Structure formats: C-alpha cells, structure tokens
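Only one structure is covered here, and it is reproduced in the block below.
Read the figures in this text as sums done on the coordinates, not as results from a lab. Being a predicted model, the structure only gives us computed values, none of them experimental. We place every Cβ from the backbone using ideal geometry, glycine too, and count neighbours over all the protein chains shown.
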C-alpha cells in the first residue's frame, strides 16, 4: 500500500463528506489506525471543510434554537420520568405498601388469633360461671324450699368446733351440705357424709374441709334419721369409722 | 466534549450557537427554496445530535464532520420523503432530480451558497456528479445508471472533483 498515493486518491474527501461506500469506509478506518499521516491528512481536510462551512454559515431563524431546547427539555423530562421518576417512586411505594400490608396482615392475624383464643377462654369462663350460678340458684331454691329440712350438725367430743349444715329435701331426696367450720385434713384424708337409716349408715359422698361456705350436692337419700360426718381415707370408706365421727345431726322428723 | 456526552445543556447551547449556521447552510444547499422545511430539518438535526451524542467516535473524525453528515443525511432523507416529493409535484415544478441530473448543462440556477459555490469551480461533468452524490444523496451505482456511464468513471470523476475541491478549500 502506497499511503501517499492513497491519500491523494480523493478517498479522504470522499470519506469525510460521506460519499465513500461501506467497504471503502471500512478500509479507510482500518488504514487510519495504521498510518498516522492518513489521520493527519484527514484532519487537515476536515478543518478546512469546517472553516469553509463556518465562513459560509447562514444564520437560522432564532425560533429554531428555542424549539430545539424545548424538545430537549421535554425529552429529558420524559426519559427521567418514564425510566426513573414516578415509576421508581411508584415501585418503591408499592413495595413499602406490600411490606406494610404483609406485616399488618400477619399482625392482624396474630391479634385475631389472640383475641379469638381470649374470647374462647372468656366464653368457657362465662359458661362455667353460668352453670355454677344456675347450680347455686337451684341449690338456693332447694335450701329455701319449705320442704327442705335444715339439719344442724354439731361437733362431737373429738371435734367440738366442727360444724356444718345439711339441707335435706325429702320430697326430691336431694341432700346439700354447707361446711361452716371443718378443719383441713391431710391430703390423704377426706370427710365423708353418712345418712343413718334405721341405724345403718349409708354413704352420701365425700368432701374436703376447704369446701367452706359452698353448697355441695351430696348423694340423695329418701330416708334418714340422722346425718353424720366422719374422717375417712381419701375417696371415702364403705362403712364409717365411728370413732372419727366429727359431727352428728339428727333429723327432727319421724323417729 | 465530556460535557456534551453528559448532555450538559450549557455545552449544547454553545454547540448550537457555534455550528447551527454552518449546518443550516448545508441543509439549505440540499433543500433549496424552502426555508421553513430547512428550519424544521435543522431542528430535527440538533435533536438527533443531542440524542446520539454518545455514539460520536472522535477517532473517526471531528465533531463537525459527524454533525455535518447528520445534517446532510437528514436533508437528503427529507428530500426523498414522500411528503416532500408530493409538495414538489403540487407546485408542478418540472425540474425533478432525474431530469435535471440527466442534463449536466441545465443545472438549477439557484443562489449558490457554501459548498455549491465551490462546485462552480469544477468542470460541468464533475460538478453534476458531485451535485448528485453529495447534494442529492445518490450512490455511485445509481449515478452510473442514471447517467449511463461506467461505475469506475463515476468514482474517478467524483474523486478528482473532490481533490479539486480540497485544493479550493486550501
């Protein structure tokens, strides 16, 4: 390649003015990387062309500059707003909202669960209280019923302070016990209530000393000449340990 | 240049002030007798320069060269656009490019400005080829076909014309 000849071939002018074909351009650019003198010659022509064009400049209408800058500002706005501005903000906001909603959802779910279990507990409690109340009302009714016999159980010699009331409704055979003052027993022992029917003791159930001032429904009995309370092993005995009889009360009815 | 690539408005303002006249001149040499359209093209050209500034490769030439080619290409595209062709037809201008190009001795007699003034220094057979190639955007192959001369001749004549042009610029 004779670079001098190439420079003088008109290719520089052709290339700079945009008249060279694609293969010519490619070759020219390749040779430019190889020959600094080619670049220098190109540069020289470019400078001449630029100087000439500047000398022969025609001032454009002033509104063109205004329009160009308006368009550019709009472009900047639209690109920034489309690619980053509100969209970015929206995306961030959406994520924050999503996280917040997720958090709220789980928190609400947790709260809901807590509340619902609290509610369940409360309802159980109410049901329980309600049934207790109903029971108490029922018992109160039974006790205050004119058919009900109040048997005052007085302490025996071995337990002079022991006292309790037995309420016996002979019509319905129901027996209630209200502990007034019964000493607490070791955990392996319980008090047992007996009905003495024709001299024979019948088991009416066991109770604890701490069941004070609570109306206890015991087993029912049709007949009873007297009631007795003994100390027995936990769960009660088939027959009373009479030497441990704590109190005794006689029914005033028939005998 | 860095400021331009970073799309600095102030730098772009300087670029506009510095080169708009030179580019408007070349646009007017291609889109003749239609200042309004030429202004529109200039506007489009600067917007394109702004958009494509990061594609400018200094190793391939000066910034002005790059902008000049954008202006020339935009002008030729406009010249060849359907709407422009129609507007020319509506004006019933008889001198379409083919006809005028076919007869080198009846080149349109416009107020020659800029590079076209340089063309006047060329011999007519060179002048018409440069006119067609540079100002009308015909490829060498198209010129060869229209003028019915061999492609090699087209190339040689244009190259020689451009060399003369260079001498004139000096």
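Once the mean 1/r over all distinct Cα pairs of the stretch A:71-206 is inverted, what Kirkwood radius in angstroms do you read off?
On the way: mean 1/r = 0.0446 Å⁻¹.
Result for the stretch A:71-206, one decimal place: 22.4 Å.
Here the label points at residue A:51 and residue A:137, each 7 Å from Cα along the C-beta direction, are separated by 11.8 nm in the simple model.
Please compute the alpha carbon radius of gyration of the stretch A:11-68, then divide it by the globular-protein estimate 2.2 N^0.38 Å. Two decimals is fine. Working shown, then result.
On the way: Rg = 15.5 Å, N = 58, 2.2 N^0.38 = 10.3 Å.
Normalised by 2.2 N^0.38 Å, the Cα Rg of the stretch A:11-68 equals 1.51.
Work out, in µm²/s and without decimals, the Stokes-Einstein translational diffusion coefficient of the stretch B:109-170 at 20 °C, 1.002 mPa s, Rh from Kirkwood over C-alpha pairs.
The estimated diffusion coefficient comes to 183 µm²/s.
The simple spin-label model puts a point 7 Å past each Cα toward its Cβ; for residue B:168 and residue A:34 those points are separated by 3.3 nm.
Give the Kirkwood hydrodynamic radius (Å, one decimal) of the stretch A:93-155, defined as one over the mean of 1/r across all pairs of different Cα atoms.
Hydrodynamic radius (Kirkwood, Cα pairs) of the stretch A:93-155 is 16.4 Å.
In this calculation the C-beta distance from residue B:151 to residue A:103 is compared with R0 = 60 Å, giving a FRET efficiency of 0.20.
What are the semi-axes of the equivalent ellipsoid of the protein assembly as shown, taken as the square roots of 5 times the eigenvalues of the Cα gyration tensor, listed largest first and rounded to whole Å? Please list the in-between numbers first.
Values: eigenvalues 3200, 103, 64 Å².
Listed largest to smallest, the semi-axes of the protein assembly as shown are 126, 23, 18 Å.
Ordered from longest to shortest, the equivalent ellipsoid semi-axes for the stretch A:3-107 are 54, 24, 10 Å, each the square root of 5 times a Cα gyration tensor eigenvalue. The order of A:55, A:29, A:5, going from fewest to most other C-beta atoms within 10 Å of their C-beta, is A:5, A:55, A:29. Comparing chain A with the 2.2 N^0.38 Å rule of thumb, its C-alpha radius of gyration ratio is 3.08 (two decimals).
Just counting partner chain Cβ atoms within 10 Å, what average do the residues of peptide B:56-65 show around their Cβ? Walk me through the intermediate numbers first.
Working: counts 0, 1, 0, 4, 7, 9, 8, 2, 7, 11.
Partner Cβ neighbours, averaged per residue: 5.
The C-alpha atoms of chain A define a longest principal axis, and helix A:36-55 lies at about 90 degrees to it. Quick one: check the C-alpha center-to-center distance for the stretch A:165-180 versus the stretch A:15-45, whole angstrom. That distance is 124 Å. A Gaussian network model of chain A, with springs between Cα atoms under 10 Å, assigns the largest mean-square fluctuation among A:126, A:16, A:150 to A:16. Comparing A:217, A:34, A:189 in a Gaussian network model of chain A where C-alpha atoms under 10 Å apart are linked, the largest mean-square fluctuation is found at A:34.
Using Cβ counts within 10 Å as a stand-in for footprinting exposure, how do A:198, A:208 rank, fewest first? Intermediate values should be presented prior to the final figure.
Details: A:198 8, A:208 16.
Ranking A:198, A:208 by Cβ neighbours within 10 Å, fewest first, gives A:198, A:208.
Using only alpha carbon positions, build the gyration tensor of the stretch A:149-250, then give the equivalent ellipsoid semi-axes as the square roots of 5 times its eigenvalues, largest first, whole angstrom. Show your work: numbers first, answer last.
Details: eigenvalues 70, 42, 34 Å².
Semi-axes (√(5λ), whole Å): 19, 14, 13.
Distance from the C-alpha centroid of the stretch B:139-170 to that of the stretch B:30-85: 23 Å, rounded to the whole angstrom.
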